[in-house]
Each structure stands twice: as structure tokens, then as C-alpha cells.
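Reading through the C-alpha cells given below for one structure.
The values are calculated or read from the model by the stated rules, or taken from the named source; none is laboratory data. The model shown is predicted, which means the values in this text are computed figures rather than measured ones. In this analysis, Cβ positions are derived from the backbone assuming ideal geometry, glycine residues included, and neighbour counts consider all displayed protein chains. For accessibility, only protein heavy atoms count, side chains too; no ligands or nucleic acids. Shrake-Rupley method; radii C 1.70, N 1.55, O 1.52, S 1.80 Å.
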Amino acid sequence: MAFENLTKRLQDAMGKLRRKGKVSENDVKEMMREIRLALLEADVALPVVKEFTKAVRERAVGVEVLENLNPAQQIVKIVDEELTKTLGGETVGLNKSEKIPTIIMMSGLQGAGKTTFAGKLANKLIKEENARPLLIAADVYRPAAIDQLKTLGKQLDVPVFDMGTDTSPVEIVRNGLLLAREKKNDYVLIDTAGRLHIDETLMNELKDIKALANPDEILLVVDAMTGQDAVNVAASFNEALGITGVIITKLDGDTRGGAALSIRQVTGAPIKFTGTGEKLTDLEVFHPDRMSGRILG
Ligand code: GDP
């Protein structure tokens, strides 16, 4: 699982304080140095590491022995609280439209897990809300992507709107939305194309889809394995599209996990779900406090 190494390093860093009845400023400094290294090694972006360590240091230096909590416990608590803050603080659910349909647009690089996530989200909405989503296949560059979405649609018994690969994505979305309005679907999930790298044509296409569909959610799907690069990707997509939420996929893999820790701060957009496997049910609502607890072990 992700974060294994980070968890161990953080535990080591904080463990040294456990044996102490009193914590000196030097002890805190030493611990912060180790925490900083552990975070950098886990691929957390430097500005995020700096802000986090500054916040912890400021609070930890003033720690005194309280009646029922020893200094080490207090510092672990501070680290936990600040990590939760870095991860976004509160759990943020999906934005929903007052009128149906709620329109959700996926974005992200190729292979990030957009199509898979669209299927997972449809599945979740059906299970939890008895929803009637429509999936729109707007990735015209990879015929396989359309087939993949159709296969998911069959599995879930959810309609998939496509117009093959010869129509422009904007036109496909326009027609898909008309159909959704006619059929009174309550959710429309738009699967868009990704490229291997960010390019202007892709961004312009996504901007056009956004302008036409006026989505309630523009979700950026990011592969946790992309490490430091994930932060640049997220910043670019955010600048172009103004993303409203982030999905971090492949947290089940052997990743260092830094992207998950950096992205909230870099984009300002909340992480809403995480992908934890290839199956349709491998989707988790993102809770910053629980994730912090998991990372700290
Ligand atoms: P897209 O190009 O962004 O639409 O990416 P896909 O949805 O096609 O996903 C690319 C690959 O990643 C596929 O093999 C998926 O099965 C896999 N994948 C997606 N999400 C996850 C996840 O959370 N965990 C794991 N292990 N694999 C995932």
C-alpha cells in the first residue's frame, strides 16, 4: 500500500520523543528535520513540506507537560492535526445541481484512471441513490476508450452515449446532454480524452467542453504514482479549467503517495475520492482525518 515508507519514517521521527518526559526545542528541531526529509522522500512538493513543518514547529515548541498527555503524545496530535489540514481538513462531497442533471466532467492525463473512475462513480451513485446516470464517451482519440466505457456501461446497466470517433468532443457532449435532458437522467458523467502530456490542443478542447456543459463538477483524476509530476499536472489543469475536485487513483499501488499530500494545497481543490484498485467497488470517499491517521500509522 501507499505511504508504507513514509509511515515508518514518521513513526521513527516521533518515536524518539516518546521516551522523554520533557521536550526541548532541540528535540522538536531534530524531529522536524526528520519529518521534513521523510515528506520530501515521499515526493511531497517542497512548498507544501515547508508550510506543514512551519505550522507544526510553531505549535510544537510551546508544548508543556499537560496532565493527561505527555509531550510526545501532544506533538503526535499536532502533527496529526496539521496533516489533516494539509489534506484539506474537512470531507467534501460531490457538488450537486438543484435541477437534474448534475453534470460531472472528468479530466486528467491518459492512463490516470478517468474512465475507470467514471464507472466507479456511476456504480456508487446507483447503489447509494438509486441514480440513473448517463455516461458520455467524449474521448475520440482512443477508440478503445469508448469501448471501455461501453463495457462498463453494460456491466452497470447504464446507458453510454457515443458518436464514434469522427465527431468533435464538444458536439458529442452537446448531443449527450440533449439526450440526458430528454431521458431525465439525474447525472451525466462526461469521460474526456487525456494525452500522455499536457498540451494546448487538449486544454482548449476541455475548455470548450466546459463552456458548453457548464459542469457542476470538473474532477481532475490523478495517478498517485506520478509523484512530483502530479503536482505540475494538477496546477496546469487547474489553471486551464478551474477544477472543483480531485480524485487520486492507484493508492493501492506501491506509491510514495506525495501527490495525495500536495495536491490540495497546490490547487486549492478538495480531494473527493480515492481509487484503491481496478474493481468497480474500489472507490473510497476521501476523509482527510482518516487519511492522516493512516499515514501516521
Ligand atoms: P484513463 O486513460 O484516464 O481513462 O485511464 P483508465 O481508466 O483507462 O485506467 C488506466 C489503468 O489504470 C487501467 O488499467 C485501470 O484498470 C487502472 N486503474 C484505474 N484506477 C485504478 C486504481 O485505483 N487502482 C489500480 N490499481 N488501478 C487502477
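Work out the charge dipole of the chain with +1 on the Cβ of Lys and Arg and -1 on the Cβ of Asp and Glu about the Cα centre, then indicate which of Pro101, Leu10, Val266 is farthest towards its positive end.
Leu10
Can you list residues from other chains, or at least 5 along the same chain, whose modelled amide H is less than 5 Å from the amide H of Phe273?
Val246, Ile248, Phe286
Against the globular-protein guess of 2.2 N^0.38 Å, express the Cα radius of gyration of region 163-268 as a ratio, rounded to two decimals.
Details: Rg = 15.2 Å, N = 106, 2.2 N^0.38 = 12.9 Å.
Working it through for region 163-268, the quotient is 1.18.
Given DSSP loops and a limit of at most 15 other Cβ atoms within 10 Å, what is the longest stretch of the chain that contains no such trypsin sites (Lys or Arg not before Pro)? Display every interim value, and only then the final one.
Working: sites that count: Arg19, Lys20, Lys22, Lys96, Lys99, Lys184, Arg195, Lys279.
Here the longest run is 100-183.
Quick one: Karplus J couplings for region 31-40, per residue in order, coefficients 6.51, -1.76, 1.60, θ = phi - 60°, nearest Hz, x for Gly and Pro?
5, 5, 5, 5, 5, 4, 5, 4, 5, 4
Quick one: net charge around Ile146, please, counting Lys, Arg +1 and Asp, Glu -1 for every other residue with C-beta under 10 Å from its C-beta.
Numbers: positive: Arg142, Lys150; negative: Asp139, Asp147, Asp162, Asp191.
With Lys, Arg at +1 and Asp, Glu at -1, the neighbours total -2.
Would you mind checking which residues have amide H under 5 Å from Leu283's amide H? H placed 1.01 Å from N; only 5 or more apart, or other chain.
Residues meeting the criterion, in which the H sits 1.01 Å from N, are Thr276.
Keeping all protein chains in place, calculate the accessible area per residue for region 1-58 (probe 1.4 angstrom), answer in Å². Write out the running numbers ahead of the final one.
Values: 3320 Å² over 58 residues.
In whole numbers, region 1-58 has 57 Å² accessible per residue.
State the percentage of accessible surface on region 205-271 attributable to carbon and sulfur atoms; use a 1.4 Å probe and exclude ligands, DNA and RNA.
Values: 910 of 2250 Å².
Roughly 41 percent of what the probe reaches on region 205-271 is carbon or sulfur.
Top mean-square fluctuation among Asp216, Asp43, Asp157, Gaussian network model of the chain, C-alpha springs under 10 Å?
Judging by the Gaussian network model, the answer is Asp157.
Estimate the FRET efficiency between Asn95 and Lys150 by the formula 1/(1 + (r/R0)^6), using the beta-carbon distance for r and 30 Å for R0, to the nearest 0.05. If you can, show how the numbers build up before the last one.
Details: r = 27 Å, r/R0 = 0.89.
Efficiency for this residue pair is about 0.65.
Between Thr201 and Asp229, 0.36 nm times their residue separation minus their Cα-Cα distance comes to what?
Values: separation 28, 0.36 × 28 = 10.08 nm, distance 2.01 nm.
Full extension from Thr201 to Asp229 adds 8.1 nm.
Filter the cross-link list Lys50/Lys120; Lys16/Lys85; Lys124/Lys183; Lys8/Lys120; Lys29/Lys250; Lys96/Lys120 down to pairs whose alpha-carbon distance in this structure exceeds 26 Å. Spell out each step's value before the answer.
On the way: Lys50/Lys120 35 Å; Lys16/Lys85 24 Å; Lys124/Lys183 20 Å; Lys8/Lys120 31 Å; Lys29/Lys250 34 Å; Lys96/Lys120 17 Å.
Too far apart for the 26 Å limit: Lys50/Lys120; Lys8/Lys120; Lys29/Lys250.
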